[in-house]
Structure formats: structure tokens, C-alpha cells
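These notes concern the structure reproduced below.
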Amino acid sequence: MKTLYLSDLDGTLIRSNELISEYTANTVNRFVQAGGCFSYATARSIVTASKVTTGLNSEFPVICYNGAFIIANVTKKIMLANYFTVEEADHVRQILAEHSIYPIVYAYIDGKEQFSFIERNVSYGMRFFLDSRLNDVRRREVQTESDLYQGDMFYFSCISDEAELSPIKDIFIPDERIHCIYQKDIYSGAQWCELLPAKATKANAALQLKDMLGCKRLVVFGDGRNDLSLFSVADECYAMSNAVPELKEIATAVIGSNDEDGVAKWLEKIVP
């Protein structure tokens, strides 16, 4: 029975240095060459995901932005997209403005993917993120709120501390129009509250990708709260030893950590 093996990236397939190890890349490549279906589902864009997975030769489509997009790994063509409606984006904008929160806004503007931010409103956590993407061609600094919310928007990243973000988390999590992910960044330790269209989940994208590839089963690997929906639809789900407790509780089993190449060592057992 054909199976799709789907892994998260940060904290799962890649190590804490934000790179994929040679051992993991070689193991996954051998698995795919032998006929296995392997892909990844990440909160990253295809731009940064491609950088941290250097050496991985998988040609299968990948899931980016926590399920907002399914993208062809080779051509970078968007195969599935989820955008906010104008009404949904205005709803989010109003609530964030009421709490004096100005996020990083991801959108397609004039056909180009960009992430926009207001420099004077940048928090410590946002600075950590932005400094890691100084030469990113998608980077767009703006001066006003109206300029911040432009184009076909699909992702809002609010990065600050719990005291500031907890109130909006309590508003958005019950909101059926919004997919809200609330978790700490594993690199900076800053609190993130990420807002996407309701249909933009790793779970929905994984099921659609499984169908695209003609697979009957889904086996997944993850470490964070944004992998909870993914685990809920999988036939088997494996949490890294460094995963959050909530994920370990629902996992089929707990495997080695990302820094121990846990996914690759698990895969190696079934590589022909």
C-alpha cells in the first residue's frame, strides 16, 4: 500500500543549527530513490525551506506556510493556495490594531511574494527573525498601517511576549474563520501568534498532497504545536524526543531528537 511519509522541518528533520545533516539527506535520498514517497510540511516559505534542506533531492511537492500552500519543489509553482478574503483580513487587522499589534504580513503583491513590516513597531522577537532575512528579496519595509496590509494576504506573524499576545490568542483560537497557531519560537524563545485562513492547516494540505500522489496511507513526524492537526489525520505519527508534551501524548511513538537524526534513523529501518 503506497504511503506518504511527511516530516516537519524545524525541530524535526533539520538540526538546531537550521541545517539538514548529510546523514539525514543521504538516508531520505536513498529512500526516495528506492520508490518511497517523502516530503515535508513546514511553517517556512519555499525560499527558506529550500536553503535549509540543501542536499535533499526529493522532487515531491512540499507544504509551506503551515498549509497555506502546496508548492512544486522543483519548479516552485504553486499547486494549492489559501488566501484571506478581504473581510477576513479586515477582521484580523481591526483586532490587531485594537491591541496595538502590527504583525509581519505575508502577501502576494503585484504577483510577487513579500513580507511587510513597520520598522518602528518591530519587537525583539521580530528583530531576531528579520535579522535572519536581511537579504531576502521578499523583505518589504513600510511606514504606515495601510501600506502594511496590501495585496493577497495569507499569513500574519505576531511576534512579541506572552503578555501582549495572549489576549489576541484568546480571541482568534475560537474564531472559525481563522487558523491560529500559538507557540514559542525554538530559536529565539519569543512568543509567536500566527494567523492563517481556516483552511490553511498542515492537516488539510497533507490530505490533499496524499491524494495528489495517489497514496493510501499517511505517516508523519513532528515536534511542535503546529503539528497537532497533522498528527490528527495521520495513520501513524511520530514525535521527536524534543517535541512538546501535547504532541507526544497523541503520537504513535516517540523517536530520537532532531539533533540525533531521529527521522532518518526511523526511515533507515524501512529503506530497501
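Read the figures in this text as sums done on the coordinates, not as results from a lab. As the structure is a computational prediction, the values presented were derived from the model and not from experiment. Cβ placement follows ideal geometry from the backbone for every residue including glycine, while neighbour counts extend to all protein chains displayed.
When each of the peptides 20-29, 69-78 is scored by how many other beta carbons lie within 10 Å of its residues on average, the order from highest to lowest is 20-29, 69-78. Per-peptide packing, taken as the mean over residues of other Cβ atoms within 10 Å, places 238-249, 176-187 in the sequence 238-249, 176-187 from highest down. Putting +1 on Lys and Arg Cβ atoms and -1 on Asp and Glu Cβ atoms, find which of 86, 114, 96 reaches farthest to the positive end of the dipole of segment 79-118. The listed residue farthest towards the positive side: 114.
Between the labelled values [x] 38; [y] 49; [z] 26, the entry that holds percent of Cα pairs over 30 Å apart as derived from this structure is [z].
The stretch between residue 177 and residue 134, if pulled fully straight at 0.36 nm per residue, gains 12.2 nm over its current Cα-Cα span. Scanning the chain for cysteines with no neighbouring cysteine C-beta under 4.7 angstrom from their C-beta gives 37, 64, 180, 215, 237. With each label modelled as a point 7 angstrom along the Cα→C-beta vector, the residue 87-residue 198 pair spans 1.1 nm. Expressed as a whole number of Å, what is the distance separating the alpha-carbon centroids of segment 187-226 and segment 237-265? A separation of 16 Å, based on Cα centres. The sum of -39500 (n - 2.57) across all DSSP H runs of n ≥ 4, divided by the residue count of the chain, sets its helix-only mean residue ellipticity at 222 nm to -8500 deg cm²/dmol. The lysines within cross-link reach of residue 76, meaning a Cα-to-Cα straight distance under 16 Å and a gap of 8 or more places when in the same chain, are 51, 112.
Scalar couplings 3J(HN,Hα) for segment 83-94, obtained by applying the Karplus form with A = 6.51, B = -1.76, C = 1.60 to θ = phi - 60°, are 10, 5, 6, 4, 5, 5, 5, 5, 4, 5, 4, 5 Hz; x denotes Gly and Pro.
Would you work out the charge dipole size for the chain about its Cα centre, treating the Cβ of every Lys and Arg as +1 and the Cβ of every Asp and Glu as -1, and quote it to the nearest 20 debye? It would help to have the intermediate numbers written out before the result.
Working: 27 positive and 37 negative charges, 201 e Å.
So the dipole magnitude of the chain works out to roughly 960 debye.
Across segment 127-135, rounded Karplus estimates of 3J(HN,Hα) from the backbone phi angles (6.51 cos²θ - 1.76 cosθ + 1.60, θ = phi - 60°) give 4, 4, 5, 5, 5, 7, 9, 4, 9 Hz, Gly and Pro being marked x. Take the Cα of residue 213, step 7 Å toward its Cβ, do the same at residue 253, and the gap between the two points is 2.0 nm. FRET efficiency for the residue 22 to residue 109 pair, using the beta carbon distance and R₀ = 35 Å, is estimated at 0.40. Here segment 111-160 and segment 11-87 have alpha carbon centers that stand 22 Å from each other.
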